[in-house]
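Structure, as C-alpha cells:
Coordinate-derived values only; no laboratory data. Because the structure is a prediction, the values reported are computed rather than measured. Cβ sites come from the backbone with ideal geometry, for glycine too, and all protein chains shown count toward neighbours.
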Amino acid sequence: MTIDWKQQSQSYRDSYLKDLKELISIASVRDDEHATDTYPLGEGPTKAMLKFLSFGKRDGFTTKNIDNIVGYIEYGSGEQTMAMQAHADVMPAGDGWETDPFEMVEKDGNVYGRGTSDDKGPALAAYYGLKMLKDHGITPNMKIRLIVGTDEESHWTGMKHYFEVEPEPTFGFSPDAEFPLINGEKGNSTYVTTFGNTNGEEFTLKSFESGLRPNMVPGNATALVETDDNEAFADSFTKFLDNNPLSGDVKATEGGVSVHLIGKAAHAMEPKNGVNAGTYLAKFLQQFDFNGDAKHFIDFLASDLHDDSRATKIGANHVDDVMGEVTMNIGIMSFDARKGGTINTNFRYPKGTSDQEILSQLITAAGNHNGKVEETDNMEPHYVDPDDPIVKTLLRVYEEQSGDSQAKPEVVGGGTYARLMKRGVAFGALFPGTKDTMHQANEFQPVDDLLKAMAIYGQSIYELTAK
C-alpha cells in the first residue's frame, strides 16, 4: 500500500490540535500531597493518562487502565509486541510564562503550553501515527501498544509497574526526545546531601530555597538572612546582580533581609543551557561571615558545585568516546534554621564510570563540609547497537521524510522510557534546529513539526509492523 504520510498528517491537523488542547488543559504534575487510592500520584497525571485512553476508545482501539498509574492503547495481535512508550505527566510550570501554561495557545505557527514538547504533543503525534494505520485498514502482523505512563518526570512509578505486570515488549521507541534517533542514554543517578542546622550570630541563614525537581535547573532562588547591617547586605546584593547573568530583588522584612535571584530553568541533561539561581545565590552568600552548618551548606554549593556541570571540582568528571561526558545538575537546595540543609544532585554518566564511583567522590567532597550523602535513585547506561533493525528502519524513515541523508544515531544525557526495553530507542519529536524548551517557561512546539513527526511515526509503525 502506498500512503502519502505527509499529506495524511495534514488532514488530521484540526482533530489533532483539538485533542492536544484537551491534554494541555490537564495540569498533570505529580502531586503526592493530594494522592489518594484513586489518584496514586495526584489527580492530574491519572486524568491525563485516562484522557489518552479515551481517545483510543473513541477511535475503536482496545485500551487498558492499569491501577490508574499506567495504561495502554492496543492495535493488532501476535506473539511480538512493538511498543511506543510515552508519558502524560509534566514538569511543574514554574515562573516566567507569558501565557497560561495549562491553556494551549496557538501563535505564529507554534503551540504553547506545558507538555506541548514534553511529552503530550509528541505522544499524541505517535497516537495519530497509529490511528493512520487503522483508518487505512492496515492490519499489523503483531501487537502494537502505545503505553502511557504518569510519572516519567519523577520516579517512573507507572511504567515500572507496567513491566512488573505485563511482558516486556519485543522492541519499540519512545517519542520523548529528538530526531534523528537516540540509541544511547547515559546513566542517571540522584543523590541527597544533608547538613545540620547550626548557624552563625553575625550572619544567620534562616532559610534558603531553590529548585523544583532533580532533573530541572532551578530558575529561582530565595534566602532569608538575619544581619546587623541590612543596608550593607542589600548593597552587596545589588553589586552582585550587576556582575552576574541574573536578575533579582532584595527587601527588608520582619525576619531579616530577603533576597531573590532569577536565573534560567532548563533540562538537567545539559545544565549549561540554564543559569542555576540556587548555586549563584550560594556564591553571593559565601562572601559573608556565616558559621556552622549554614556555612558548610553555602560553601559546598559555592566552592564545589557552582558553575561546574562536568563535576570536575569534586573529581567525578569522566568522558567516554561513544557516550560523552558526565554532567551534574544541582536541582534542589534547601536550608532551614530549625531543620538543617539538603542538596539534591542529579548526574548523567556514560559507560566507564558508575553511580558508586560518583557517590564515592561526592562523599569525600561533602565530607569536607560536614555533609552526609546517600544515593536515592539510579538507572544504568542504555545502548542499542546501531546495526539493530529498529535503528536502521527508523533512521531510514526519518531520512526519507526529512531529506537528511547525513542523519546518525545519537547518545544523550536525557532519560526516556525506551531504556526499559532491551531494544528500545528514543525517536523524536524535536527536530534539529528547533529550539528546545522542555522543562522551561513558555514551552512550545511548531505545529508543522508535530505534523511532520506524525507522518514519520505513521510510516515507521507501518514499516516495523505491517510491511
key: Amide H within-cut-off set for residue 198, under 5 Å, with H built and near neighbours excluded   = 293, 294
ask   = Once you sort the root eigenvalues of the Cα gyration tensor of the stretch 41-171 as a ≥ b ≥ c, which label holds: rounded (a/c under 1.5), prolate (a/b larger than b/c) or oblate (the other case)?
value = oblate
key: Under-5 Å amide H pairs with residue 290, H placed in peptide plane, nonlocal only   = none
key: Farthest positive-ward along the stretch 188-379 dipole, Cα basis, beta-carbon charges - from 312, 216, 334   = 216
task = Convert each backbone phi in the stretch 23-32 into a coupling constant with the Karplus relation 6.51 cos²θ - 1.76 cosθ + 1.60 (shift: θ = phi - 60°), then list the ³J(HN,Hα) values in order as whole Hz, x for Gly and Pro.
result = 5, 5, 5, 8, 7, 8, 8, 3, 9, 5
task = Would you grab the residues whose amide H sits under 5 Å from the one on residue 110? Only those 5+ places off in sequence or on another chain, please, with H modelled 1.01 Å from N.
result = 447
request  = Order by neighbour count: 39, 191, fewest other Cβ atoms within 10 Å first, most last.
outcome  = 39, 191
key: the stretch 188-379, relative contact order in percent, only Cα pairs under 8 angstrom and at least six apart counted   = 33
ask   = Of [x] 78, 45, 44; [y] 83, 55, 42; [z] 85, 58, 51, which one was derived for Cα extents along the principal axes in Å from the structure shown?
value = [x]
Value of relative contact order over the chain, rounded to a whole percent, pairs C-alpha under 8 Å and six or more apart = 23
inquiry  = Using Cβ contacts closer than 10 Å as the measure, can you line up 369, 34 from fewest to most?
reply    = 34, 369
note = Within the chain, excluding any GluC sites (Glu not before Pro) found in a DSSP loop (not H, G, I, E or B) and having at most 13 other Cβ atoms within 10 Å, the longest uninterrupted segment runs 255-467
ask   = With θ set to phi - 60° and the Karplus curve 6.51 cos²θ - 1.76 cosθ + 1.60, what are the ³J(HN,Hα) couplings of the stretch 83-88 in order, to the nearest whole Hz, using x for Gly and Pro?
value = 10, 10, 9, 10, 9, 9
ask   = Within the set 131/392; 143/186; 131/264; 107/251; 313/422; 143/435, which residue pairs have Cα atoms separated by over 31 Å?
value = 131/264; 107/251; 313/422; 143/435
message = Quick check for me: using +1 on Lys/Arg Cβ and -1 on Asp/Glu Cβ, what's the dipole size of the stretch 51-179 about its Cα centre, in debye to the nearest 20?
response = 680
task = May I ask you to compute the full-extension gain from residue 98 to residue 354, defined as 0.36 nm times their residue separation minus their alpha-carbon distance, rounded to one decimal in nm?
result = 88.1 nm
query = Between residue 287 and residue 139, what is the spin-label point distance in nm, taking each point 7 Å from the Cα along the Cα→C-beta axis?
reply = 7.5
ask   = Any idea what the relative contact order of the stretch 315-467 is, in percent, if you count C-alpha pairs under 8 Å spaced at least 6 apart?
value = 17
key: R0 of 51 Å, Cβ-Cβ distance residue 155-residue 404: FRET efficiency to nearest 0.05   = 0.90
task = Using the Cα centre as the reference, give the magnitude of the dipole from point charges on the C-beta atoms of the stretch 203-313 (Lys, Arg: +1; Asp, Glu: -1; all else neutral), rounded to the nearest 20 debye.
result = 580
note = Phi angles of the stretch 288-294, converted by Karplus (6.51 cos²θ - 1.76 cosθ + 1.60, θ = phi - 60°) into ³J(HN,Hα) in whole Hz with x for Gly and Pro, give 9, 8, 6, 8, x, 5, 4
message = Treating only the Cα positions of the stretch 188-379 as identical point scatterers, give the base-10 log of I(q)/I(0) from the Debye formula at each q in 0.08, 0.13, 0.17 Å⁻¹.
response = -0.24, -0.63, -1.04
remark   = Along the dipole axis of the chain (charges at Cβ: +1 for Lys and Arg, -1 for Asp and Glu; origin at the Cα centre), the most positive-end residue among 78, 181, 297 is 78
request  = Using label points projected 7 Å from each Cα along Cα→Cβ, tell me how many nm separate residue 254 and residue 202, to one decimal.
outcome  = 2.9
key: Inter-site label distance for residue 313 and residue 228 at 7 Å from Cα along Cβ, in nm   = 3.0
task = Note down the magnitude of the dipole of the stretch 188-379 about its Cα centre, charges +1 on Lys and Arg C-beta and -1 on Asp and Glu C-beta and zero elsewhere, to the nearest 20 debye.
result = 460
remark   = On the formula 1/(1 + (r/R0)^6), with r taken between the Cβ atoms of residue 467 and residue 322 and R0 of 45 Å, the FRET efficiency rounded to 0.05 is 0.90
